[in-house]
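Reviewing the structure listed below.
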Amino acid sequence: MEKFSNTKSGDIILKLVDSIIDNTELLSEIDGAIADGDHGINMNKGFTMYKSRFHETPCSFSEGLRALGMILLTEIGGSMGPLYGSLFRGMAEPAKEIEVIDIKVFDEMLSKGLEKVRSISEAQVGDKTMMDTLIPAATVFHEARI
């Protein structure tokens, strides 16, 4: 898929939410190998809040990202809330007024999300954080696009 409708794709966020909820135990298990093991629980809490508030509210993809980001940023403690909240809110910004998200726009979304996370975290690849996947993913996507 080279592009998709921003205005008609809010259900993608609900599918993301369901995936996180369905994998709560696995996320905590993985986190427990290097940290305190509460990552899945915290993610489940925030993503469940989003689902309960927006499961019947049609929204665009970017509106869904922004709303999920706000819930995580303002209502979930620990490091997960601010980090993922900043990522999703950052990703929503470039698509705010866009009807169709194409490869160029999605590249901008990944870059802006990464920029927002970097504004609150100095973590780099190798630090056993979300940056171990986010930085390479954004880089490879950008390089493949150009």
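The values are calculated or read from the model by the stated rules, or taken from the named source; none is laboratory data. All of these numbers come straight from a predicted model, not from anything done at the bench. Backbone-built Cβ (ideal geometry, glycine too); neighbour counts: all protein chains shown. SASA here: full protein model, heavy atoms, side chains in, ligands and nucleic acids out. Shrake-Rupley method; radii C 1.70, N 1.55, O 1.52, S 1.80 Å.
Table: residues versus (1) touching a strand residue (DSSP E or B) at 6+ places or on another chain (Cβ under 9 Å); (2) open to solvent by less than 50 Å² (accessible area, probe 1.4 Å); (3) of a type in the set (Val, Ile, Thr).
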position: 47; (1), (2), (3): no, yes, no
position: 55; (1), (2), (3): no, no, no
position: 61; (1), (2), (3): yes, yes, no
position: 66; (1), (2), (3): no, no, no
position: 73; (1), (2), (3): no, no, no
position: 80; (1), (2), (3): no, yes, no
position: 85; (1), (2), (3): no, yes, no
position: 88; (1), (2), (3): no, yes, no
I'm checking my understanding of the structure. Among residues of region 1-13 that are under 21 Å from residue 73 (Cα atoms) and crowded, with 19+ Cβ neighbours inside 10 Å, which one is nearest to the chain's Cα centre (by Cα)? 13
For region 129-146, give me each residue that is under 24 Å from residue 32 (Cβ atoms) and in contact with a Leu (Cβ under 9 Å, 6 or more places away or on another chain). 129, 130, 131, 134, 135, 137
For the structure I just gave you, tell me whether residue 26 is open to solvent by less than 70 Å² (accessible area, probe 1.4 Å) and either more than 17 Å from the chain's Cα centre (by Cα) or of a type in the set (A, V, I, L, M, F, W, C) (or both). no
Would you call residue 53 of a type outside the set (Ser, Thr, Tyr), farther than 19 Å from residue 138 by Cβ, assigned to a helix (DSSP H, G or I) and modelled with pLDDT of 95 or more? yes
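For (1) outside any helix (DSSP H, G or I); (2) among the hydroxyl-bearing types (Ser, Thr, Tyr), each residue gets a yes or a no:
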{"position": "8", "(1), (2)": "yes, no"}
{"position": "20", "(1), (2)": "no, no"}
{"position": "28", "(1), (2)": "no, yes"}
{"position": "41", "(1), (2)": "no, no"}
{"position": "64", "(1), (2)": "no, no"}
{"position": "108", "(1), (2)": "no, no"}
Taking the residues in region 113-136 that are crowded, with 19+ Cβ neighbours inside 10 Å and in contact with an Asp or Glu (Cβ under 9 Å, 6 or more places away or on another chain) as candidates, determine which candidate is nearest to residue 8 (Cα to Cα). 113
Of all residues in region 123-138, count the ones that are in a helix (DSSP H, G or I) and either closer than 13 Å to residue 84 by Cβ or among the acidic types (Asp, Glu) (or both). 4
Does at least one position in region 97-107 carry a residue that is open to solvent by 10 Å² or more (accessible area, probe 1.4 Å), over 24 Å from residue 140 (Cα atoms) and either among the acidic types (Asp, Glu) or without any contact (Cβ under 8 Å) to a residue 60 or more places away in the chain (or both)? yes
